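J.: Can you keep this structure in mind? I'll have questions shortly.
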Amino acid sequence: MDEHKLRRAFVDALDIEDDNVVDSLEYGTVKEWDSIGHMKLISEIELNFDIMIDTDDVIAMNTFGRAKDIVKKYSDEN
Amino acid sequence: MDYTTLCPQQGKLEVVNGAQPLSPFHTDILAFIDDLSQEIIKEEEFRRFPEIIAAGYWLRKSAIQRLKHIFIDRGGKQRVARGLVFHLAPSNVDTIFMYSLFLSLLVGNTNIVRISFKSNKNIQGLLAVINRVCANHISVSHRFLIVNYEHDDTINGYFSEICAMRVIWGGHETINRIRSIQIPPSAHEITFADKFSIALINAENYLAYNKKEDIAIRFFNDAFWFDQLACSSPRLIGWIGTSEQITTAKEKFWSSISAVIAQKEYESSPSGNMDTYVALCQYAALDKNTTIPDSHFPSIKRITIPKTTELSFRDIHCGQGLFIEMNFDDLKDVAHITQSKDQTITAFGFSSEAMKKQLIPYLKGGVNRIVGFGNALTFSHDWDGYDLLNEFTRIITVEDALY
Amino acid sequence: MIEEYFLHRPFSLTASEKGKQFLDRLIVLHRHHSERCSEYRNIYKAFGRQKTLPRDDTDFIPLPVRLFKTLTLKSVNPEDVQKTLTSSGTTSQNVSHIYLDKETSRLQTKVLAHIINDYIGTKRLPMLIIDTEDVIKDRQLFSARGGGILGFSTFGRNHLYLFDSEMNIKVNELKGFCDRFKEQPVLLFGFTFLIWKYFVEVLKANNQSVSLPHGILIHSGGWKKLKDDAVDNETFKTAIRGTTGIQSVYNFYGMVEQLGSIFMECERGFFHTCLFNNIVIRNWKTLKVCQKGEEGIIEVQSVIPWSYPGHVLITEDLGVLIGEDNCECGRKGKYFVVNGRIPVAELRGCSDTFQHTG
């Protein structure tokens with residue numbers, strides 16, 4: 001799994017600084033990552049990694065750290 | 001005929017009317033919808049309009065793929081498009097036309113969509129994006145026409161005459177009036193009437209839950225994105241639990257909602273505020289057992305109505321920030337007050353098993369969606385009891401042995 | 001005790017002189033309606049207010065005027081209802097129903113006379129009614145328009161209805177009226193929009209004028225249609241002066257739900273409360289009382305309504321309280337301006353796509 005690519009997806013979709021993308025970055029703790037930001041983010045990740053994330057994982061993906069694990073899981077399946 | 005073509009810019013009725021049906025989930029349509037979804041999600045301007053981002057998200061590639069699997073699982077291989085579909089979009093939820101149109105387009109139909117609003121900022125922006133995407137998908141742009149006109153029997157009559165299917169979203173008056181205009185005998189019709197929706201909260205589980213702010217945000221989205229005017233936005237809040245649990249839960253719940261309203265800087269309009277005050281007084285006047293727990297009106301109005309009421313409370317309600325509260329002993333108790341107008345139950349603190357066993361068997365009518373908090377407005381291909389992928393197509397049966 | 005009011009001139013009492021007596025009367029009405037009108041009682045009960053009396057004139061729960069369209073609100077026995085007033089609403093096809101008994105009707109007439117006489121004197125004046133006689137012909141169903149005309153007719157004599165059934169000016173009759181009464185005070189009455197559309201504009205278009213230099217014009221009704229044509233009170237007055245020579249033009253603010261206790265305009269252009277009525281301006285969101293100078297929704301209060309609970313109503317109009325007891329015109333009481341109806345937000349609902357076309 002290309003962590004750099006995932007990081008870019010966070011930066012682009014949420015429109016935040018690269019420095020802010022750390023494992024502990026959490027949904028709802030920055031104003032950019034609200035429910036709207038989350039939709040943008042999921043869409044961006046799916047496009048960049050060409051994957052289809054299940055609803056459960058869409059909900060579970062609430063930190064950058066979790067996102068890495070989840071995206072890795074899907075990338076391995078491909 | 002005096003209508004304005006909003007989309008595609010150079011759209012022509014003859015062209016759309018002459019286009020042939022495509023097979024469901026045709027690659028040209030998929031490519032168009034994929035581009036459209038990306039353009040919507042990336043559009044900076046739409047950050048202010050979450051309902052539009054939600055529509056773009058709903059149309060994203062993976063979601064459409066999932067839809068295709070569902071279509072096939074439900075026997076889609078035997079199904080083909082119907083032809084020209086005439087959609088009359090609702091005025092209360094101005095993004096609904098997207099779902100109605102693009103689902104129908106996706107399964108191969110050609111489409112005429114009448115929308116009743118054109119000056120809303122969000123819709124203007126959205127139409128501009130659709131027009132932009134159309135420029136790169138000429139063949140698909142020949143398959144739909146979004147128009148605007150004041151209701152006019154001649155125009156409605158013409159579109160009805162040439163359509164293979166008519167989809168009416170609207171109040172009872174609209175539906176009755178449109179229904180008096182004939183469609184061809186073999187044409188299909190579905191209607192989406194005014195509906196009423198309910199939120200149910202298990203007080204005990206709510207009190208035990210530690211992310212109350214999250215619940216409040218989700219409820220806020222459900223209720224206020226369309227000023228509580230969407231059919232699926234909760235208007236009645238049903239509480240289940242002992243009276244002590246309910247009292248405490250209510251207090252915590254409404255104070256967290258007030259906090260979110262303040263944080264989001266949500267304000268109802270002055271006229272909306274008057275509408276809700278009138279409704280509040282009307283409820284109070286007609287049932288002597290109602291109580292208004294907070295008369296300071298901090299952005300929302302609440303009224304507690306006994307579950308035994310004979311008020312036709314669904315018809316008096318006019319959205320815009322008014323919540324009826326009722327206390328129930330259990331889910332079966334809730335089922336007893338349901339009726340055909342009810343659509344969505346947004347629930348917190350229950351298992352789906354409980355819903356299936358204790359609520360659904362006892363329903364008096366209505367209720368065709370039970371979803372979690374935050375999902376009230378999430379559109380689904382199954383809507384108002386219709387399987388839309390199914391409705392928008394027809395079935396062709398072919399026997400195996402043809403000799 | 002209501003009879004004591006008529007001992008005073010309508011605009012003669014200051015807040016402190018009027019206050020106690022006015023509140024007492026509202027409380028009498030409150031008790032009566034609580035007892036006799038279950039809907040009224042239920043509303044106070046729902047707000048948890050069934051046990052305590054209102055503390056002051058801002059402490060009543062104002063009933064929305066629209067409630068008279070959807071509910072049957074009355075506080076007397078059905079056999080005591082003498083007539084039913086109706087008004088068509090502007091916001092819906094529904095119609096208000098106001099149930100009047102003998103006493104309420106009597107008070108309406110008496111209060112209106114007391115207020116109007118303060119403006120035109122007690123002598124009945126030759127009267128030009130700027131409307132068609134057709135509107136009062138059906139006595140069964142009193143419309144607000146017909147009711148207003150009949151109410152004001154008592155202040156006149158030698159009545160002339162200015163328009164025929166097609167709303168055309170009856171030119172010869174008008175000329176006769178003006179020739180006969182041009183040397184003396186005459187009363188003119190009508191609805192603002194109709195006066196403008198079928199009288200002033202017609203005269204202007206035909207380059208005509210009439211001469212009624214001693215005329216007193218009293219008019220009422222919404223400004224909405226006129227505002228669309230950019231006609232405000234000042235433009236209206238100037239045009240009236242130009243086409244008719246009338247110097248005294250008084251607008252009044254009032255509603256069918258409180259017939260009789262109208263708010264008359266003064267020479268400074270402000271509406272005034274009097275002994276029989278009061279206003280409270282409320283914040284549109286919280287319904288809390290607004291400060292002087294702050295725009296809000298107008299609550300109107302009247303000492304008249306006995307047969308229906310219409311003594312404290314919240315309107316759908318916006319207004320501003322300018323001051324109290326110190327208007328330059330010399331009248332006591334609160335004075336205020338009306339800024340039109342609460343603006344309707346671009347309608348997203350209630351979901352009927354036909355609503356726009358009506």
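J.: Where does chain C land on Rg(C-alpha)/(2.2 N^0.38 Å)? If you can, show how the numbers build up before the last one.
T.: Values: Rg = 20.6 Å, N = 358, 2.2 N^0.38 = 20.6 Å.
After normalising by residue count via 2.2 N^0.38 Å, the value is 1.00.
J.: Sorting C:Lys69, A:Lys31, C:Lys332 by accessible area (1.4 Å probe), largest first, what list results?
T.: A:Lys31, C:Lys332, C:Lys69
J.: Which FRET efficiency value, to the nearest 0.05, do you get for B:Thr27 and B:Asn120 by plugging their Cβ-Cβ distance into 1/(1 + (r/R0)^6) with R0 = 30 Å? Each step should come with its number before you reach the end.
T.: Numbers: r = 33 Å, r/R0 = 1.09.
Calculated value: 0.35.
J.: Mind checking Rg over Rh on region C:106-253, alpha carbons, Kirkwood formula for Rh?
T.: 0.94
J.: How far apart, in nm, are two points set 7 Å out from the Cα along the Cα-to-Cβ line at C:Asp228 and at B:Met1?
T.: So the label points at C:Asp228 and B:Met1 sit 2.8 nm apart.
J.: For chain B, count the residues as N, evaluate 2.2 N^0.38 Å, and divide the Cα radius of gyration by that value, please.
T.: Ratio of Cα Rg to 2.2 N^0.38 Å: 1.04.
J.: So how far apart, in nm, are the two label points at B:Ile316 and B:Glu251 if each is 7 Å from Cα heading toward Cβ?
T.: 2.8 nm
J.: What FRET efficiency comes out for C:Glu133 versus B:Ser180 if R0 is 60 angstrom and r is the Cβ-Cβ distance? Round to the nearest 0.05.
T.: About 0.90, to the nearest 0.05.
J.: Could you pull out the GluC sites (Glu not before Pro) across region B:244-329 that fall in loop regions by DSSP (anything but H, G, I, E, B) with no more than 16 other Cβ atoms inside 10 Å?
T.: Numbers: sites: B:Glu244, B:Glu251, B:Glu265, B:Glu267, B:Glu310, B:Glu325; in loops: B:Glu265, B:Glu267, B:Glu310.
Sites meeting the loop and neighbour criteria: B:Glu265, B:Glu267, B:Glu310.
J.: Another question about this same structure. Considering the convex hull of the alpha carbon atoms of chain A, report its projected area averaged over all viewing directions, in nm², one decimal.
T.: Values: hull surface 17.4 nm².
Average projection, Cα convex hull of chain A: 4.3 nm².
J.: Can you tell me the mean projection area, over all orientations, of the convex hull of region B:196-372's alpha carbons? Units nm², please.
T.: 9.2 nm²
J.: Let me ask something additional. To the nearest 10 square angstrom, how much accessible area does A:Glu3 have with a 1.4 angstrom probe?
T.: The value for A:Glu3 is about 70 Å².
J.: Once you charge only the Cβ atoms, +1 for Lys and Arg and -1 for Asp and Glu, what is the size of the charge dipole of region C:106-253 about its Cα centre, to the nearest 20 debye?
T.: With only Lys, Arg, Asp and Glu charged at Cβ, the dipole is about 400 debye.
J.: Can I get the semi-axes of region C:116-199's equivalent ellipsoid? Compute them from the C-alpha gyration tensor as square roots of 5 times the eigenvalues, in angstrom, largest first.
T.: Its equivalent ellipsoid spans semi-axes of 20, 17, 11 Å.
J.: Sticking with this one: Counting alpha carbon pairs within less than 8 Å and at least 6 residues apart, what relative contact order, in whole percent, applies to chain C?
T.: That works out to 18 percent.
J.: Given the protein chains as shown and a 1.4 Å probe, how many square angstrom of C:Lys175 are accessible, to the nearest 10?
T.: Approximately 130 Å² of C:Lys175 is accessible to the 1.4 Å probe.
J.: Let me ask something else about it. Mind putting together the pair-distance distribution for region B:334-403? All Cα pairs, 5 Å bins, whole percent per bin, short to long.
T.: 3, 13, 20, 19, 15, 8, 6, 6, 4, 4, 1, 0
J.: Would you compute, for the Cα atoms of region C:1-56, the largest minus smallest coordinate along each principal axis and list the three values in descending order, in whole Å?
T.: For region C:1-56, the Cα extents along the three principal axes come out at 39, 20, 14 Å.
J.: Restricting the count to DSSP beta bridges whose residues both fall in the protein assembly as shown, what percent are antiparallel, rounded to a multiple of 5?
T.: Antiparallel: roughly 40 percent of the beta bridges in the protein assembly as shown.
J.: Along its principal axes, what span do the Cα atoms of region C:14-131 show, with the longest given first and each in whole Å?
T.: For region C:14-131, the Cα spread along each principal axis is 53, 42, 31 Å.
J.: Where q = 0.10, 0.13, 0.15 Å⁻¹, what log10 of I(q)/I(0) comes from the Debye formula for region B:4-194, counting one point per Cα?
T.: Taken in order of the listed q values, log10 I(q)/I(0) reads -0.38, -0.66, -0.90.
J.: Hey, another quick one. Be a star and scan region C:176-218 for residues whose amide nitrogen sits under 12 Å from the point 7 Å along the Cα-to-Cβ vector of C:Asn158.
T.: Answer for region C:176-218: C:176-187.
J.: Give, to the nearest whole percent, the P(r) tail of region B:89-226 beyond 25 angstrom, counting all Cα pairs.
T.: 42 percent
J.: Can you list which of the trypsin sites (Lys or Arg not before Pro) found in region C:232-268 are DSSP loop residues with at most 15 other C-beta atoms within 10 Å? If you can, show how the numbers build up before the last one.
T.: Details: sites: C:Lys237, C:Arg241, C:Arg268; in loops: C:Arg268.
Sites meeting the loop and neighbour criteria: C:Arg268.
J.: OK, next. Take the Cα gyration tensor of region C:187-233, multiply each eigenvalue by 5, square-root it, and list the three semi-axes largest first, rounded to whole angstrom.
T.: Values for region C:187-233, descending: 19, 15, 8 Å.
J.: Expressed as a fraction of 2.2 N^0.38 Å, the rule-of-thumb size for a compact globular protein of N residues, what is the C-alpha radius of gyration of region B:237-288?
T.: 1.46
J.: Give the whole-number value, in cubic angstrom per residue, of the convex hull volume spanned by the C-alpha atoms of region C:153-235.
T.: That works out to 115 Å³ per residue.
J.: Next up: How much of C:Phe181 can a 1.4 Å solvent probe reach, expressed as accessible area in Å² and rounded to 10?
T.: Surface open to solvent at C:Phe181 totals about 10 Å².
J.: Let's see if you can work this out: charge +1 on each Lys and Arg Cβ, -1 on each Asp and Glu Cβ, no other charges. What is the dipole magnitude of the protein assembly as shown about its Cα centre, in debye to the nearest 20?
T.: 2460 debye
J.: Compute the semi-axes of the equivalent ellipsoid of the protein assembly as shown, taking the square root of 5 times each eigenvalue of the Cα gyration tensor, and list them largest first in whole Å. Working shown, then result.
T.: Numbers: eigenvalues 666, 220, 124 Å².
Calculated on Cα positions only, the semi-axes equal 58, 33, 25 Å.
J.: Once both labels are modelled 7 Å past Cα along the beta-carbon direction, what's the C:Asp59-C:Glu3 spacing in nm?
T.: Result: 3.1 nm between the two label points.
J.: Something else now. Using R₀ = 22 Å, calculate the FRET efficiency as 1/(1 + (r/R₀)^6) where r is the Cβ-Cβ separation of B:Tyr362 and B:Lys211; round to 0.05.
T.: Numbers: r = 31 Å, r/R0 = 1.40.
FRET efficiency, B:Tyr362 to B:Lys211: 0.10.
The values are calculated or read from the model by the stated rules, or taken from the named source; none is laboratory data. Since this is a predicted model, take the numbers as computed values, not measurements. Cβ: placed from backbone, ideal geometry, glycine included. Neighbour counts: every protein chain shown. Just so you know, the surface numbers come from the protein's heavy atoms only, side chains and all, with ligands and any DNA or RNA stripped out. Shrake-Rupley method; radii C 1.70, N 1.55, O 1.52, S 1.80 Å.
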